[in-house]
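Down below is the structure, laid out as structure tokens.
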Amino acid sequence: MLLREGLARILSDAGHEIVRQVDNGPALVDAIVALNPDISIVDVRMPPTHRDEGLRAAIEARRQVPGTAILIFSQYVEERYASDLLEAGAEGVGYLLKDRVADVRDFLISVRQVAERGTVLDPEVISQILARHRKDNRLTELTVRERDVLSLMAEGRSNSAIADQLSISDGTVEKHISNIFSKLGLDESASQHRRVLAVLTYLQA
């Protein structure tokens with residue numbers, strides 16, 4: 001509440017009109033849909049769990065109102081949802097970290113840039129998003145045949161069904177799957193199902 005009121009005061013003093021203040025994700029989406037503001041400034045953490053409700057609400061708002069300008073102003077980077085926010089286009093998107101904004105004037109410049117369909121991303125946000133995608137690039141190490149096998153695994157095929165589909169032996173399928181596990185860095189572990197983890201890596205990429 002204090003942060004919200006403080007931001008409203010800063011923006012108002014700079015000549016901006018505050019059309020609505022909200023304290024939860026659904027209210028944010030409703031406000032954006034109803035008012036179509038020039039820009040919405042959103043904290044990642046919102047009630048009830050104070051985890052990532054704000055960012056997920058921002059993504060939903062851009063789904064319902066394509067291109068609506070969103071500036072995430074947060075204490076930390078939620079790289080998974082930050083990537084999702086940018087998937088629909090980087091125009092009118094900003095993501096700033098609170099403890100790295102040292103000047104009110106710079107913050108107001110960022111607000112205006114995002115409202116005018118620009119993109120403003122803290123370097124740390126970019127770094128973490130790229131780091132996440134680099135992890136997914138493990139798939140590029142797979143051969144064409146290994147990718148075929150993994151694709152069929154993602155469809156829920158058994159080893160025998162994969163062998164029939166690709167006209168290879170069951171033993172060859174097992175060898176390809178072993179190579180897939182190795183290249184994706186999936187070590188044997190009693191607490192992990194490597195086949196499921198391999199499929200998840202494939203689907204996320």
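The table below lists the values:
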{"read-out": "Pairs where the first residue, in region 184-195, is at pLDDT 75 or above and the second is surrounded by 10 or more Cβ atoms within 10 Å (Cβ to Cβ) and among the basic types (Lys, Arg), C-beta under 7 Å, 6+ apart", "value": "184/138; 185/138; 186/194"}
{"read-out": "Breaking point among (1) open to solvent by less than 80 Å² (accessible area, probe 1.4 Å); (2) part of a loop (DSSP other than H, G, I, E, B); (3) over 19 Å from residue 129 (Cβ atoms); (4) free of Cβ contacts under 8 Å to residues at least 60 places away in the same chain, for residue 77", "value": "(3)"}
{"read-out": "Test result for residue 199, open to solvent by less than 30 Å² (accessible area, probe 1.4 Å), out of contact with any strand residue (DSSP E or B) (no Cβ under 7 Å at 6 or more places or on another chain) and at pLDDT below 90", "value": "yes"}
{"read-out": "Count of region 22-79 residues which are aromatic (Phe, Trp, Tyr) and under 14 Å from the mean Cα position of the chain (by Cα)", "value": "1"}
{"read-out": "For residue 82: the one exception among (1) within 27 Å of residue 123 (Cα to Cα); (2) open to solvent by less than 40 Å² (accessible area, probe 1.4 Å); (3) at pLDDT 90 or above", "value": "(3)"}
{"read-out": "Test set (1) over 16 Å from the mean Cα position of the chain (by Cα); (2) assigned to a strand (DSSP E or B) - residue 94 fails condition number", "value": "(1)"}
{"read-out": "Selection count, region 11-54, where residues are buried (at least 17 other Cβ atoms within 10 Å of the Cβ), assigned to a loop (DSSP other than H, G, I, E, B) and of a type in the set (A, V, I, L, M, F, W, C)", "value": "4"}
{"read-out": "Some residue of region 44-51 being touching a strand residue (DSSP E or B) at 6+ places or on another chain (Cβ under 7 Å) and closer than 17 Å to residue 121 by Cβ", "value": "yes"}
{"read-out": "Of the criteria (1) out of contact with any Asp or Glu (no Cβ under 7 Å at 6 or more places or on another chain); (2) at pLDDT below 95, which one residue 46 fails", "value": "(1)"}
{"read-out": "Residue among 8, 69, 57 that is within 18 Å of residue 114 (Cβ to Cβ), without any contact (Cβ under 8 Å) to a residue 40 or more places away in the chain and buried (at least 17 other Cβ atoms within 10 Å of the Cβ)", "value": "57"}
{"read-out": "The listed residue being under 21 Å from residue 196 (Cβ atoms), at pLDDT 85 or above and of a type in the set (A, V, I, L, M, F, W, C), out of 163, 69", "value": "163"}
{"read-out": "Of residues in region 85-101 being of a type in the set (A, V, I, L, M) and open to solvent by less than 20 Å² (accessible area, probe 1.4 Å), the one farthest from residue 44 (Cα to Cα)", "value": "93"}
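The values are calculated or read from the model by the stated rules, or taken from the named source; none is laboratory data. All figures in this text were calculated on a predicted structure; none of them were measured in a lab. Counting neighbours? That spans all protein chains shown, and the Cβs are built from the backbone with ideal geometry, glycine included. The area values use the complete protein model at the heavy-atom level, side chains included, leaving out ligands, DNA and RNA. Shrake-Rupley method; radii C 1.70, N 1.55, O 1.52, S 1.80 Å.
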